[in-house]
Amino acid sequence: MKYILDIDKYTKLNESMLDGNMNDILADWGAVSNAVSSGLYGFSYDPNLSTYPNQYDSTVDPFTRNQLLVKGLRNQVNRSQSEMNDLVFNKYLKDIEELDNIKILRMFVNNMGFLDVFISFELFEIEFFGVFRSFNNTLQPIIFTSELYTDVNFSYINEEYRLKLSNHLKMILDNWFNPMICSYKSLKNNTLRDLKGGFFEIKKDAVINIVGTNIDANRNKYAIVVYKDNKYFIKDNDFYYINYRYEKIKDTIIL
């Protein structure tokens, strides 16, 4: 059986193989992008035929080699990213042990009707400031910003670290805002909400009993109050001012 090969292509084939350049061969043999995408390209890669199923295998065609190269780089990036996330998470666990002296500096009602809560805290005995925007907005994610995030000594802080720190600080603040089930004295004239949603005013030094807390349909917190045998509520932004407007006078409820 005879094999006929065009002499020009044969010469070019040898030269290209010696040069390590297959581009000319592929062009002459019709290995265009349309042929590759339609599955008509003549070379195939079977990892079972080689002990080196990667881009360096001599049996792998250039197109598959490029795909394997990109895949390898992507895997390397993913591994590096995973290692970096583990490193940052370990740093977070160590940092959180040094978190101390958390203070609420002030609270303001913003243009949306929610509270912006300004705080300070210490990390490794360094004081930082931050703010929770719309702290009690339960319908949107809480936004916490701090100068800590731009400090050059904490340049490793990433988005996951920020989220964990924000949730941790919010949990601490939530625990402080939640009133105890006990008796409180009003430090000034305050208003309560009755069962119909109306306002009821109590005088300074009036004693109320907070008998529980709950959340409404919009997941907003409110306190359940008993005053002179009637049930009232402290809700909306007023809920977060309970510890400022009332003073705990007894660890149990005064009957």
**Residue-count net charge about ILE253 - beta-carbon cut-off 14 Å; Lys, Arg +1, Asp, Glu -1** = +3
**Fill in**
Using eta = 0.692 mPa s and T = 37 °C, Stokes-Einstein with Kirkwood Rh from Cα pairs puts D for segment 178-237, in µm² s⁻¹, at 280
**Request:** Considering Cα pairs under 8 angstrom that are at least six residues apart, work out the relative contact order of segment 183-250 and quote it in whole percent.
**Result:** 36
**Asked** What is the packing order of peptides 149-162, 194-207, taking the mean over residues of other C-beta atoms within 10 Å and listing the highest first?
**Response** 149-162, 194-207
**Complete:** Residues other than LEU105 with Cβ under 15 Å of its Cβ, Lys/Arg counted +1 and Asp/Glu -1, net out at -1
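Every number in this text was worked out from the coordinates using simple rules, so none of it is lab data. Bear in mind that the values here come from a model prediction, so they are computed numbers and not experimental data. Don't worry about glycine lacking a Cβ; one is built from the backbone with ideal geometry, like all the others, and counts go over all protein chains shown.
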